[in-house]
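Report on the structure given below.
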Amino acid sequence: MTLVLDFALEDEDWAEAAPWYRELALRAAEQVFAAIGAPPLDREISVLLCSDDRIAALNAEFRGKPTPTNVLSWPALSLRPVAPGAPPPPAPPGFLGDIAMARETVEAEARERAISTERHFAHLFAHGVLHLLGYDHETDEDAALMEAAERRALAAMGIPDPYAAEVG
């Protein structure tokens with residue numbers, strides 16, 4: 001079995017505005033696994049592509065923040081590193097969790113950064129996958145580890161470092 005992304009399109013505008021979302025999400029996820037040196041085999045991720053209104057409701061429910069955000073993730077497993085800056089333990093095969101992304105916010109942030117929506121989507125999706133795999137950015141050490149994995153995954157896709165500068 002391979003990496004499976006199970007998509008739910010709650011905002012049909014995703015299909016029209018971003019017909020590439022399935023292929024790009026799969027490439028980003030595969031490159032995340034390569035970047036951390038883990039095989040993507042026998043893994044499943046549930047993906048909700050929704051509107052700002054829906055993600056704001058989810059953000060309020062799960063994080064107490066009633067505003068839209070670009071990406072949310074809900075890991076199925078608790079993969080905590082043993083120390084700040086240490087990689088989390090490898091995820092066993094199976095269901096890794098859920099990722100939700102809001103189209104309007106992703107598009108607006110891409111415009112603000114003067115980058116393509118595809119490039120920003122790939123970065124955010126990779127970020128969400130890393131959260132499912134136990135990576136976070138709660139400490140400077142953890143953020144450095146997570147950002148390094150994001151950089152490697154995106155570089156393998158031909159996408160420039162999203163942290164290099166705040167310009168496109």
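The values are calculated or read from the model by the stated rules, or taken from the named source; none is laboratory data. Please read these numbers as outputs of a predicted model, since none were measured by experiment. Positions of Cβ are generated from backbone atoms using ideal geometry, with glycine treated the same way; all protein chains shown enter the neighbour counts. To get the accessible areas, we keep the full protein, side chains included, count just its heavy atoms, and leave off ligands, DNA and RNA. Shrake-Rupley method; radii C 1.70, N 1.55, O 1.52, S 1.80 Å.
Summary table
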read-out: Per-residue [θ]222 nm for the chain (sum of -39500 (n - 2.57) over DSSP H runs n ≥ 4, rounded to 500); value: -14500 deg cm²/dmol
read-out: Dipole in debye (nearest 20) - the stretch 74-137, about Cα centre, beta carbon charges: Lys, Arg +1; Asp, Glu -1; value: 140
read-out: Relative contact order, percent, the stretch 23-168 [alpha-carbon distance under 8 Å, six or more residues apart]; value: 31
read-out: Selection of chymotrypsin sites (Phe, Trp or Tyr not before Pro), the stretch 1-76, meeting DSSP coil and at most 14 other Cβ within 10 Å; value: Trp20
read-out: Positive-pole candidate from Gly158, Leu124, Pro93, dipole of the chain, charges at beta carbon; value: Pro93
read-out: Separation between Cα centres of the stretch 1-23 and the stretch 48-117, rounded to whole Å; value: 15
read-out: Cut-off under 5 Å, modelled amide H: who pairs with Val47 long-range; value: Asp6, Phe7, Ala8, Ile99
read-out: Lys, Arg +1 and Asp, Glu -1 on Cβ, resulting dipole of the chain about Cα centre, debye, nearest 20; value: 400
read-out: Sparsely packed GluC sites (Glu not before Pro) within the stretch 60-168, loop by DSSP, other Cβ within 10 Å at most 13; value: Glu138, Glu166
read-out: Cα gyration tensor shape of the stretch 1-81, rounded if a/c is under 1.5, else prolate or oblate by comparing a/b with b/c; value: oblate
read-out: Whole-Hz couplings from phi, Karplus 6.51/-1.76/1.60, listed for the stretch 105-120; x for Gly and Pro; value: 5, 4, 5, 5, 5, 4, 4, 4, 8, 6, 10, 6, 4, 4, 4, 5
read-out: Solvent-accessible area, 1.4 Å probe, carbon plus sulfur percent, for the chain; value: 53
